[in-house]
Amino acid sequence: MAKMGPYRVGLGVILGAAGIGLFYYFYKQKRKKSWWRGSSKGPNARSLQNALGSQEYTDIIQPHNQVPLRQGPIEGGDNSPYTPFLTHEEQAEVLNRLDFVLKSLIELRHEVEELRNSLQGLAGEIIGEVRSHLEDSQKAVRRKRFAFPRERSDSAGSSSIYFTASSGTVNTDGESEGGYTTANAESDYDRETDKESEEDENSCDTVRTARRDSLDLVNEDEATLTFDSAVEEELSQLLHQADQLHSGSDQEKKEGFQLLLNNKLVYSCKQEFLWRLARAYSDMYEITDDAEEKKSYAADGKEEAERGLQMGGQIAECHQWYAVLCGQYSEHESIQRRIQAGHVFKKHIDQAIALKPDDPKSFYLLGRWCYQVSHLGWLERKTASALYEEPPTATLQDALQNFLKAENLRAGFSKAGRVYIAKCYSELGNNTAAAHWLTLASELPIITKEDAESNKEIEEMQAVSEA
């Protein structure tokens, strides 16, 4: 036991020193933490910043693995800076979003570069096409304006003959000096003659080329004129056939309508074709009995006539059949629409008469309009007064004058026209004239559906007059 004493004493000293060291270490750590907490206010922070430098101080205060969310004083508190930090999960989320934005920007830049390259290529192609087109047009203009040079005479032959004759008088000895001079002159002349011959050949080739080009242009123009004349001749035959079918029975009118429809794609740019197609739609309107089909035919025909008017309103028939189809379409509309359609009808019939004053159909249609206006009811007159400051006005006398005008332009123009003349005379009190025109109307043949309806009216009016 006495021998173990010094060992135990040494061990106790070592343990005591270790305990004092640990105590001192924890004490220093505690003071260090308290010093860091108060360093943002006191002079120790400034002294530490001055001693370490601004960058090292920032690295100590704000470690790299923490991102400040907001800096600045807290509202309602003191002026001390408030620096909350993001957590590791939030920092990872922010980095992921920034990475996504960066990738999107890179892709957008690539797309913009591709678009720019494609636009540059497209611009180059457009410029090339425009340039080639301009060059072709300029060549064509130069080709058309080429001034054909007059053919030159055979100057080489004439000069050769002239020189040979003169040399014959001078050259009497082939070995003389004059003969040598003549030989040199002949060799020089041969070279000049060859050059002129080449120039003449080139000019002749140019003339031949110009003549070929001019002949090609003439042939192309002749071919174009021939094609246009052939198209015009075919169109003329088609229109003549359509006019004949329009003047026939209901079955023939249907055939004419189908004929025009089959050629619509070819001649839809011709006004003469369009107003005949509109007329065929009007014929189909009169032939059919179904109300929906009637309205459809009237609407389609109105569009065709309107398309013809848009090409130029100098054809009377375009105005005429547009007015007719407007009136037919309005029969399926309200009173207000019918009054408006009547206003349009009168406007285009007046234009048709102004363009073609010798057409009996326009005066017949104007007479129908006057007759209907003279028989407007009270409600229709009030509607017309509300729509227009000057409502349409017409009398039976106006209608009679227009019907008689159509009859004077072409006697027997319409069976219905003569019936309307008889109606006007009857309502004006001239029964003798009414009976005379009924007799004239009954003499005309029944061809169309309108003629059949007019014949029924003749029988009814004759029965009333006899009673």
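Quick note: the coordinates plus some simple rules give every number you see, no bench work behind them. Treat the numbers as computed from the prediction; the structure is a model and nothing was measured. Cβ coordinates were reconstructed from backbone atoms using ideal geometry, including for glycine residues, and neighbour counts include every protein chain displayed.
For segment 96-101, putting each phi into the Karplus relation 6.51 cos²θ - 1.76 cosθ + 1.60 with θ = phi - 60° gives couplings of 5, 5, 5, 5, 5, 5 Hz, in residue order, rounded to whole numbers and with x for Gly and Pro. Taking the average, over residues, of other Cβ atoms within 10 Å as the packing measure, peptides 292-301, 108-117, 329-338, 397-406 rank 397-406, 292-301, 329-338, 108-117 from highest down. Taken one residue at a time, the phi angles of segment 330-345 give Karplus couplings (6.51, -1.76, 1.60, θ = phi - 60°) of 5, 5, 9, 10, 6, 4, 4, 5, 5, 5, 5, 5, x, 5, 5, 4 Hz. Gly and Pro are set to x.
Working ranking of peptides 267-280, 231-244 by packing, defined as the average number of other Cβ atoms within 10 Å per residue, highest first, is 267-280, 231-244.
Cross-link pairs exceeding 32 Å between alpha carbons, from the set Lys270/Lys382; Lys253/Lys382; Lys264/Lys456; Lys264/Lys423; Lys302/Lys423: Lys270/Lys382; Lys253/Lys382; Lys264/Lys456; Lys264/Lys423. Overall, the ratio between the Cα radius of gyration of segment 414-455 and 2.2 N^0.38 Å, rounded to two decimals, is 1.10. Taking θ as phi - 60° and the Karplus parameters 6.51, -1.76 and 1.60, the scalar couplings of segment 373-386 work out to 5, 5, 10, 5, x, 5, 5, 5, 5, 5, 5, 5, 5, 6 Hz in sequence order, x denoting glycine and proline. Mind running the shape call on segment 240-328? Use the C-alpha gyration tensor, a ≥ b ≥ c as the square roots of the eigenvalues: rounded below 1.5 for a/c, prolate if a/b tops b/c, oblate otherwise. In terms of gyration-tensor shape, oblate.
For segment 297-410, the residue among Leu325, Cys370, Gly312 whose Cα projects farthest onto the positive side of the dipole built from Cβ charges is Cys370. Overall, the anisotropy analysis places segment 300-407 in the oblate class: the square-rooted eigenvalues a ≥ b ≥ c of its C-alpha gyration tensor yield a/c not less than 1.5, with a/b not exceeding b/c.
Give the separation of the Cα centroids, segment 259-333 to segment 413-467, in Å. When both Cα centres are located, 29 Å separates them.
Over all other residues within a Cβ to Cβ distance under 15 Å of Gly327, the charged ones net out to +2, with Lys and Arg as +1 and Asp and Glu as -1.
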